[in-house]
Amino acid sequence: MRRLRSSEAIRSLVRETRLDKRQLVYPIFVAEGENICNPVDSMPGICQYSIDRLFEECEKIKARGVRNILLFGIPAHKDEVGSQAYARDGITQRAVRYLKEAYPELLIIVDVCLCEYTSHGHCGLVEGSRILNDETLPLLVKMSVSLAQAGADVIAPSDMMDGRVAAIRRGLDEAGYGDTPIMSYSAKYASGYYSPFRDAAHSAPGFGDRRSYQMDPPNAREALREMEADIGEGADILMVKPGLAYLDVLKAAAERFDYPMAVYNVSGEYSMVKAAAARGWIDERRIVMENLLAMKRAGADIIITYHALDAAGWLEDE
Ligand code: PBG
Ligand code: ZN
């Protein structure tokens, strides 16, 4: 074995897996208001931006050669039914219009879910403590269509309501957006790894948790059923989320389905690396690249990660 490990040249020759910055997706948080660049405490290096300052982030993205973003809007007003999620002039719709105009070369993927927009913080409508799955679908459709209208390139539903991919596919087709792909958060687990994100997006549930609609962490085969269902409903890209604790699921899915496979290297995974690196306990660059490679090796074609800009820079000098 050592003959093929003796120099960087030969290691590089026999390397099985390589990262490519074109497969990275960088999440961005857009907030209502002006002149805002609010650092997220639990996610060092990540900020919420108002639209007028988004260009600061976009210039960095461009300079690093990252081409894909995943957009999350944070509205000023929340209500029971998440009206701002599907308002024509909602924060997310306006951000998409701005980005399309100012940065036409960026691929804009938009997260579709109600939790950032509802006063109760759940991903669907609620009645008492129950989530109303079917009643939520028309709202997700309205949100998706309004985002496609604004110019979104890819619609990414993360709500985990049953049947939402079929409803959104149909709604997009009927509204004339038959060419807009759907990237489905197919196997999204009810995970403790999302808590920093909930600070960033102000989307923590006001009561209870998301276990009645997100997946139960011990289940792997069920994830394949979720994906099969999403394929049947018209999903174009499938996703596993979170990444590192679910690499077995990612690998099984990539082997089973001939569909582009995305993985979300979520906020908690990012924050743990940043926290340990800040204390000097780990080498951030090595750990980040090792983590991203692990996801690629397990079968990811697309990696959504808050490390995207750093990673793209590091890939440049490899
Ligand atoms: C919204 C949504 C969440 C994430 C992406 N979309 C949070 C949640 O479901 O609670 C998590 C992303 C991350 O942790 O980085 N449904
Ligand atoms: Zn949600």
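The values are calculated or read from the model by the stated rules, or taken from the named source; none is laboratory data. Keep in mind that what you see is a predicted model, and the values were worked out from it rather than measured. Here the Cβ positions follow ideal geometry from the backbone for every residue, glycine too, while neighbour counts run over all protein chains shown. Heavy atoms of the whole protein, side chains included, go into the accessibility calculation; ligands, DNA and RNA do not. Shrake-Rupley method; radii C 1.70, N 1.55, O 1.52, S 1.80 Å.
Would you mind classifying segment 180-318 by shape? Square roots of the alpha carbon gyration tensor eigenvalues, ordered a ≥ b ≥ c; an a/c under 1.5 is rounded, otherwise it is prolate if a/b is larger than b/c and oblate if not. It is oblate, given that a/c is not under 1.5 and a/b is not larger than b/c.
Derived scalar couplings between HN and Hα for segment 200-212 equal 5, 10, 6, 10, 5, x, x, 9, x, 8, 9, 5, 7 Hz in order, rounded to whole Hz, by the Karplus curve 6.51 cos²θ - 1.76 cosθ + 1.60 (θ = phi - 60°), x for Gly and Pro.
Here segment 260-314 is assigned +1 on the Cβ of each Lys and Arg and -1 on the Cβ of each Asp and Glu. Its dipole about the Cα centre then comes out at about 80 debye. Largest GNM mean-square fluctuation among Lys296, Lys60, Lys100, using the chain with Cα springs under 10 Å: Lys60. Here the contact order of the chain, divided by its residue count and restricted to Cα pairs under 8 Å and six or more residues apart, works out to 19 percent. A Cα-only calculation for the chain places Rg and Dmax at 19.2, 66 Å.
Distance between the C-alpha centres of segment 131-192 and segment 241-289: 25 Å, rounded to the whole angstrom. For the chain, a Gaussian network of Cα nodes joined below 10 Å ranks Val249, Val145, Val14 by mean-square fluctuation, and the top entry is Val14. Excluding same-chain neighbours fewer than eight residues apart, the lysines reachable from Lys251 by a Cα-Cα span under 25 Å are Lys21, Lys188, Lys241, Lys296. Computed in the context of the full set of protein chains, the accessible area of the chain at 1.4 Å probe radius has 48% of its extent on carbon or sulfur. Helical runs (DSSP H, four residues minimum) scored at -39500 (n - 2.57) apiece and divided by the length of the chain put the mean residue ellipticity at 222 nm at -11500 deg cm²/dmol. Of all beta bridges that DSSP places with both ends in the chain, some 15 percent have antiparallel geometry. Within segment 10-66, the GluC sites (Glu not before Pro) that combine a DSSP coil assignment with at most 10 other C-beta atoms in a 10 angstrom radius are Glu16, Glu34. Taking all protein chains as shown and a probe of 1.4 angstrom, Cys37 keeps an accessible surface of around 40 Å². Separation of segment 27-106 and segment 217-234, taken as the distance between their Cα centroids, equals 30 angstrom.
Average accessible surface for the chain: 45 Å² per residue, computed with a 1.4 Å probe over protein heavy atoms with every protein chain in place. Selection among Cys58, Gln48, Val25 by position relative to the dipole of segment 1-63 gives Val25 as farthest towards the positive end (Cβ unit charges, Cα centre).
Residues considered: Arg285, Arg198, Arg11. Largest GNM mean-square fluctuation over the chain, using C-alpha springs under 10 Å, is found at Arg11.
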